[in-house]
Every structure is written in structure tokens, then in C-alpha cells.
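Peer 1: First the structure, which I've put down as C-alpha cells, then a few questions once you've had a look.
The values are calculated or read from the model by the stated rules, or taken from the named source; none is laboratory data. Quick caveat: nothing in here was measured; it's all calculated off a predicted structure. All Cβ positions, glycine included, derive from the backbone under ideal geometry; neighbour counts span all protein chains shown. For the accessible areas, the whole protein counts, side chains as well, though only heavy atoms, and no ligand, DNA or RNA atoms are used. Shrake-Rupley method; radii C 1.70, N 1.55, O 1.52, S 1.80 Å.
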Amino acid sequence: MSERKLEGRVAIVTGAGGGLGAESARVLASHGAKIAIVDINGEAARKVAEEIDAAGGDALFVRTDISSEAEVKAMVEAVVARFGRVDVLHNNAAILSVEQRQRDRDVVNMDVDAWDLAMAVNLRGAMLCTKYAVREMLKNQKGSVIFATSGLGAQGDLSLSAYAASKAALMMLSKSVASQYGKQGIRSNALQIGLAPAENAHDSMPAPLLQILRDNHLTPELGTPRQIADVVAFLASDESSFVTGSTLVADGGFSSHTPSLVAMKALFAQTGAKSM
Ligand SMILES: NC(=O)c1ccc[n+]([C@@H]2O[C@H](COP(=O)([O-])OP(=O)(O)OC[C@H]3O[C@@H](n4cnc5c(N)ncnc54)[C@H](O)[C@@H]3O)[C@@H](O)[C@H]2O)c1
């Protein structure tokens, strides 16, 4: 893998004030990209931009609520004013606060305001950023758009119904973008992300829950932000030049085994029968 595969490119990463977005921004910068750190939390965005600058990169932070069309338009204008172009858009931001998670429940108990907020940030926000970033990419007939999605956008679960529906919709939005601008050099892909918590987030999860999740991964361990960021860098770069309209899954095999696999393993262990 070439070390500086994004030299001279300009990348916008939304929700880059922390979590996976911040790690993706750091990794894209390490590959030579100039980075716009976009987040509703301006202070967090500023810190990440300063960190990238201190490491020898070139970062701009823009406090933006991506659910606002006026703010997104101004954000892309600020990026172009500073860096002159847009090559990569990573639609990473999502509303995932504790309060939102508590209100975004099963459908019968859904808080409709939480539903609307999930759609406004996760779905409309990504569409708005794509609308204005792709206009810039078209000027150079080249660009890569990435949509952060989730296994919850493809498989049913007990809660987070609005989040899940917004993520499923992003998989389709990505295909629309790929279909509409592919001949003009724009690629678009969804990245279906599995559980990739920061190291320090493991402690906040109950141990039995962590064990269930570990058992359901085909890899020895859960994912890390760096493992996701490396896939983002691949999708952003020319290494993926023939990949478009796809949903790439980075989830340690969580969504690719039979639903009975873990129970079968436990049964084999109990009875002493030989499994594969
Ligand atoms: N971490 C995981 O294990 C995991 C798993 C599956 C999918 N994902 C997806 O990856 C992405 C990042 O997840 P994360 O765990 O790093 O989340 P996070 O909550 O740590 O980060 C999300 C960021 O988005 C920002 N944000 C929220 N609302 C915004 C708005 N209106 N405008 C601009 N910024 C806004 C937040 O301030 C925050 O910095 C999300 O799209 C999420 O759905 C993450």
C-alpha cells in the first residue's frame, strides 16, 4: 500500500470532532490529504484540526450543523476558499448522543422528535453535504463520496429504529450518487461499519454484552477506529478506482455468519461433539 496515496487531495470529513471521524481525518491526513474537520461541536473540531496541523498536516475546522442547508453551503464555500477544491467527502456524522439513543426506540415507543432528528442529521445532512461537495467535484470530473452506514441498516434489532432506517436509506442514496455522476468521474460507496469502539469505550460496556458481541465476530477481537479509517482511506483513494455503487462491509464478519453459529458452537462444546 502506498503511504501517501492522497497527496494533494482535499477531503471533507463530517463528524470529525471525535470517534471514527477524527481517526479517519488523521489517517487521510497521514496519506497527504488536506482535511476539513466538520462538526457541530466546534471546540472538538478545532482540537482535532490543531492535532493534525501539529503532526505536519494541513487541516481546517468548520463548525457546521450538517442538517442546515445554509450551514453546509457555507462550509463547502469555506473549504474551497481555503483549499481550492474538493476531492473526497466522508459522510461520517450521525446523531448518537445518549439522549437520542434513549428516545430512538422500538417503533411502538418511538419519540417522533428523535425520529425526525435522526433523519435530519444522518440522512438529510449527508445528502446536503453531498449536494454541495459533488458540485465542486464535478468541476474537476473526479471525486469520491463515502457514506458511513451500519449493520443496523441491513439487519433488524430491538431498538434504534430511526437510526437503522436512516442508515439503510444512506446505502440507497450512495447508489443514486454513483449512478448519477459516475460518468463524470465521481465514485460513491457506502461503508457498512461493525462495532469499532475506541479502546477507552470498552470499559463503558457491560462485560456480558461485550462477550456476546465478541462471540459473534469471526475475528479474534472487535474492530478499532484505525481499522475503519484504513478502509475509508482505501475508498477515498485511487486504489479503489473500480469500486463504486457498492456497500463495503467492515465488521469482522459480524453480519456474514449463520444466526445459529454461536449457539451451535456452545452446543458442540457442551456435548463434546467435534465442530468444524
Ligand atoms: N463506532 C462504531 O462502532 C460504529 C458502528 C457502526 C456505524 N458507525 C457509524 O460511524 C459514524 C461515526 O460513529 P462514531 O461512533 O464515531 O460516533 P460519534 O458519536 O463518536 O461521532 C459522531 C460525530 O458527529 C457529530 N455530529 C452530530 N450531529 C451533528 C450535526 N448535526 N452536524 C455535524 N456534526 C454532528 C458529533 O458531534 C460527533 O463528533 C456514524 O455514522 C455511525 O453511525 C459507528
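Peer 1: If you average the alpha carbon positions of segment 213-276 and of segment 104-157, how far apart do those two centres end up, in angstrom?
Peer 2: Cα centroid to Cα centroid, the span is 23 Å.
Peer 1: Still on this structure: Quick one: compute the contact order of segment 21-107, relative version, from alpha carbon pairs under 8 angstrom and 6+ residues apart, as a percent.
Peer 2: Dividing the mean separation by the residue count of segment 21-107 yields 23 percent.
Peer 1: Would you mind checking the tilt of helix 19-30 against the longest principal axis of the Cα atoms of the chain, expressed as 0 to 90 degrees and rounded to 10?
Peer 2: Rounded to the nearest ten degrees, it is 50.
Peer 1: Taking the simple approach of a point 7 Å from Cα along Cα-to-Cβ for both Ala70 and Ser241, what is their distance in nm?
Peer 2: Each label point is offset 7 Å from its Cα along the Cβ direction, giving 4.3 nm.
Peer 1: Ranked highest first by average number of other Cβ atoms within 10 Å, how do 97-107, 170-180 line up?
Peer 2: 170-180, 97-107
Peer 1: Can you give the Rg to Rh ratio for segment 188-276, taking only C-alpha atoms and Rh from Kirkwood?
Peer 2: Radius of gyration relative to Kirkwood radius: 1.08.
Peer 1: Give the average over all directions of the projected area of the C-alpha convex hull of segment 232-272, one decimal, in nm².
Peer 2: Value for segment 232-272: 4.3 nm².
Peer 1: OK, next. For Arg187, enumerate residues with amide H under 5 Å from its amide H, sequence gap 5+ or separate chain, H modeled in the peptide plane.
Peer 2: HN-HN under 5 Å from Arg187: Gly143, Ser144, Val145.
Peer 1: How long is segment 9-124 along each principal axis, judged by its Cα atoms, biggest number first, in Å?
Peer 2: Sorted from largest, the Cα extents of segment 9-124 read 50, 26, 21 Å.
Peer 1: Over segment 72-191, with a single point scatterer placed on each C-alpha, what log10 of the ratio I(q)/I(0) does the Debye formula yield at q = 0.13, 0.16 1/Å?
Peer 2: One equal scatterer on each Cα of segment 72-191 leads to -0.54, -0.75.
Peer 1: Per residue, what accessible area does the chain have, given a 1.4 Å probe and all protein chains present, in Å²? The partial results should precede the final answer.
Peer 2: On the way: 13430 Å² over 276 residues.
On a per-residue basis, 49 Å².
Peer 1: Here's a follow-up. Between Ser255 and Val98, 0.36 nm times their residue separation minus their Cα-Cα distance comes to what?
Peer 2: 54.0 nm
Peer 1: Considering the Cα positions of segment 111-263, please state its Rg to one decimal place and its Dmax as a whole number of Å.
Peer 2: That works out to 16.8, 54 Å for Rg and Dmax.
Peer 1: For the chain, what class follows from the C-alpha gyration tensor (a ≥ b ≥ c being the square roots of its eigenvalues): rounded when a/c is under 1.5, otherwise prolate if a/b is larger than b/c, else oblate?
Peer 2: prolate
Peer 1: So how tilted is helix 42-54 from the main axis of the chain? Cα-based, degrees 0 to 90, rounded to 10.
Peer 2: 80 degrees
Peer 1: Can you tell me the orientation of helix 261-271 relative to the chain, as the angle in degrees between its alpha-carbon axis and the longest Cα principal axis, to the nearest 10?
Peer 2: For helix 261-271, the angle is close to 30 degrees.
Peer 1: Going 7 Å from the Cα of Leu218 toward and past its Cβ, which residues in segment 235-276 have a backbone nitrogen under 19 Å from where you end up?
Peer 2: From segment 235-276, the list is 247-266, 275-276.
Peer 1: List the pair-distance distribution P(r) of segment 130-203, using every Cα-Cα distance, as the percent of pairs falling in each 5 Å bin from 0 up to the bin containing the longest distance, rounded to whole percents.
Peer 2: The distribution over segment 130-203 is 3, 16, 21, 17, 15, 12, 9, 5, 2, 0, given as percents.
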